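Here's the structure we're looking at; comments come further down.
The values are calculated or read from the model by the stated rules, or taken from the named source; none is laboratory data. Here the structure is a predicted model, which is why all the values come from computation and not from measurement. Cβ: placed from backbone, ideal geometry, glycine included. Neighbour counts: every protein chain shown.
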Amino acid sequence: MEPTTGARAAVTEGRAGAAEPAIRFDGVTKRFGDTEAVKDMGIEIRRGEFFSLLGPSGCGKTTTLRMVAGFEQPSEGRIFLEGKPVEAVPPYRRNVNTVFQSYALFEHLDVADNVAFGQQRKKVPKAEIKTRIAEALELVQLTGREHAKPRELSGGQMQRVALARALINRPAVLLLDEPLGALDLKLRKQMQVELKQIQREVGSLSST
Amino acid sequence: MSIARGQAGRLPFPRRREASRSAPPREFDRPRFLKWFLVAFLVFTLAPIVIVALFSFNSSKSLQNFDGFSLQWYRDFLNDTQLRESLFASLEIALVTMIVATILGTMLAYGLVRTRARFGGGVNVLMLIPLVTPEIVAGVSALLLFTQIGMQLSLATVMIAQITFSISYVTVVVRARLAGLGRDVEEAAMDLGATRLQTLRLITLPALWPAIVAAALLVFALSFDDFVLSFFTTGTSPQPLPVRIYSSIRFGVTPTINAIGTLMMLISLATIALAVALPRLVGRREYRAVLLGEEA
């Protein structure tokens, strides 16, 4: 590779990383009727950062994630993804992917089709989707289960399918809603290690 | 013994193993006389049907003695233009009712479950009304409505009446399935880049597909042999088959009726069998290719 090209690429990446946080909350408040789920929240999460939201149930963690994903609109304040305000951007156009607490796998599709879903929507060429499925499944150690249906999988396996389904799209932000909640202790430890490995590639916000 | 029973007595039903260890199993969980209920039920349900089917193949006009096998009553039926017209009228009504009611009922179910509609509660109650309204009331009021607004009674009026009252069945069946399909599954699809329409087409409808098919075939079966609503809302010609049978019975029962009855039953049975079998048959990989025109 020519040195100048390499240098320019590095600069761009560096600039994006330094100047534009992956997620920025600016005075975000979310109300449901009379209850304030999220109050005047202001955070910045850099690219490549692993950010966890902690707190008792009902304190607004999931609501925060849903606002980033686009399923809820803030009552006040603004949210920026990669520097751009997103109130007008619908969920399907945000460069954000979520691993749902309930996994929310597509029961009628097999593992490979579940994982491929996001790439197919982006009209990625078939051959490329195929390689990416293989990569993603290898990452979550599910190679060989391509044609299993979600109901044939264990809880831990379903979660890893959900994770692969999100990661394959290489989102700017990966949201994990209670990512380890449903797993037993051994699997939890194993997933923690795996998540740390995966984390280097994407900026991620997680709720535990 | 008495102690053991006292402990077991805490459970509403003592476990089988415990019971067999201490005492011979008591059959209180399935009383013997229920068997006789079952036999009586089968006799009263099946016997008339079997007799009708049997005598539809009788070679003589007798409804008491079976004089040999023949297909003449089926020939009679198919050669009778009026009856044939009625059969096709009934099939047409059932088909149109099925298609329209299924589409509308599914849309209503989706609206009721997935949107925070302002009139949601009211619509929920309104939807149940056709299910609890006696059909005779529905029929008479439909007739009054059609004559009031000056609509000519015809097959179209039968269809309108039946569609109106079939929507609820579809909605009830589809809604149950939709409620079981978490909202998060659709959100996951949108999260992965599917628009609302794509989510509906690729995720929601395939998941609802077995319920939609079952509801559609249920409506077809109900509509095909519906008598009361059809009787009040039909014009003179062609009449739906059940209405035609009723009017011809007034001039005496002929074995042709048996033949028609047997055929109608076969059509209904086939519909129900399809409702049971179809989701299983096409529930595998290839159904997306069939339904959505996508390669599996």
For segment A:101-127, which residues satisfy the criterion of being within 8 Å of another protein chain (Cβ to nearest Cβ) and aromatic (Phe, Trp, Tyr)? A:Phe106, A:Phe117
For residues that are farther than 10 Å from B:Thr171 by Cβ, surrounded by 14 or more Cβ atoms within 10 Å (Cβ to Cβ) and among the hydroxyl-bearing types (Ser, Thr, Tyr), tally how many sit in segment B:103-143. 1
B:Arg183 versus (1) surrounded by 17 or more Cβ atoms within 10 Å (Cβ to Cβ); (2) within 14 Å of chain A (Cβ to nearest Cβ); (3) among the basic types (Lys, Arg): which is the lone unmet condition? (1)
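With respect to B:Ser56, is the statement that it is outside the structural domain of B:Ser237 (by TED's automatic domain parsing), within 19 Å of B:Leu266 (Cβ to Cβ) and among the hydroxyl-bearing types (Ser, Thr, Tyr) true? Steps first, please.
Numbers: outside the structural domain of B:Ser237 (by TED's automatic domain parsing): yes; within 19 Å of B:Leu266 (Cβ to Cβ): yes; among the hydroxyl-bearing types (Ser, Thr, Tyr): yes.
The answer is yes for B:Ser56.
Condition (residue is assigned to a helix (DSSP H, G or I) and over 30 Å from B:Thr204 (Cβ atoms)) applied to segment B:122-135: is it met by at least one residue?
Applying the first criterion (assigned to a helix (DSSP H, G or I)) to segment B:122-135 yields B:122-132, B:135.
Checking the rest, the ones that are also over 30 Å from B:Thr204 (Cβ atoms) come to B:135.
Yes, segment B:122-135 has at least one match.
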Among the candidates B:Ser237, B:Ser248, which residue alone is at pLDDT below 80, out of contact with any Phe, Trp or Tyr (no Cβ under 6 Å at 6 or more places or on another chain) and among the polar types (S, T, N, Q)? B:Ser237
Listing of helices (runs of 4 or more DSSP H) fully contained in segment B:167-238 that carry 3 or more residues being touching a residue at least 40 places away in the same chain (Cβ under 8 Å): B:205-224, B:228-233
Condition first: of a type in the set (A, V, I, L, M) and away from every other protein chain (no Cβ under 14 Å). Now tell me which residues in segment B:207-238 satisfy that. B:Ala214, B:Ala215, B:Ala216, B:Leu217, B:Leu218, B:Val219, B:Ala221, B:Leu222, B:Val228, B:Leu229
Please enumerate the residues belonging to segment A:43-77 that are over 20 Å from the mean Cα position of the chain (by Cα) and over 25 Å from A:Leu180 (Cα atoms). A:Ser75, A:Glu76, A:Gly77
Looking only at segment B:186-206, which residues are under 15 Å from A:Ser102 (Cβ atoms) and either surrounded by fewer than 19 Cβ atoms within 10 Å (Cβ to Cβ) or more than 8 Å from chain A (Cβ to nearest Cβ) (or both)? B:Glu186
Name the single residue, out of those in segment A:73-85 being closer than 19 Å to A:Ala22 by Cβ, surrounded by 13 or more Cβ atoms within 10 Å (Cβ to Cβ) and of a type outside the set (Lys, Arg), that is farthest from the other protein chains (Cβ to nearest Cβ). A:Gly77
If A:Glu152 satisfies all but one of (1) surrounded by fewer than 19 Cβ atoms within 10 Å (Cβ to Cβ); (2) touching a helix residue (DSSP H, G or I) at 6+ places or on another chain (Cβ under 6 Å), what's the number of the condition it fails? (2)
Is there a residue in segment B:227-248 that is more than 25 Å from B:Thr157 (Cα to Cα) and of a type in the set (Lys, Arg)? no
Answer yes if at least one residue in segment A:143-152 is away from chain B (no Cβ under 14 Å) and either of a type in the set (Ser, Thr, Tyr) or not in a loop (DSSP other than H, G, I, E, B) (or both), and no otherwise. yes
Within the bounds of segment B:149-159, is there any residue that is part of a helix (DSSP H, G or I), of a type outside the set (Ser, Thr, Tyr), assigned by TED's automatic domain parsing to the domain that holds B:Leu200 and at pLDDT below 90? no
Filter segment A:160-198 for residues that are more than 22 Å from A:Ala112 (Cβ to Cβ) and acidic (Asp, Glu); the one that is surrounded by the most Cβ atoms within 10 Å (Cβ to Cβ) is A:Asp177
Considering B:Ala40, B:Ala8, B:Ala53, which residue is more than 30 Å from B:Arg177 (Cβ to Cβ) and at pLDDT below 75? B:Ala8
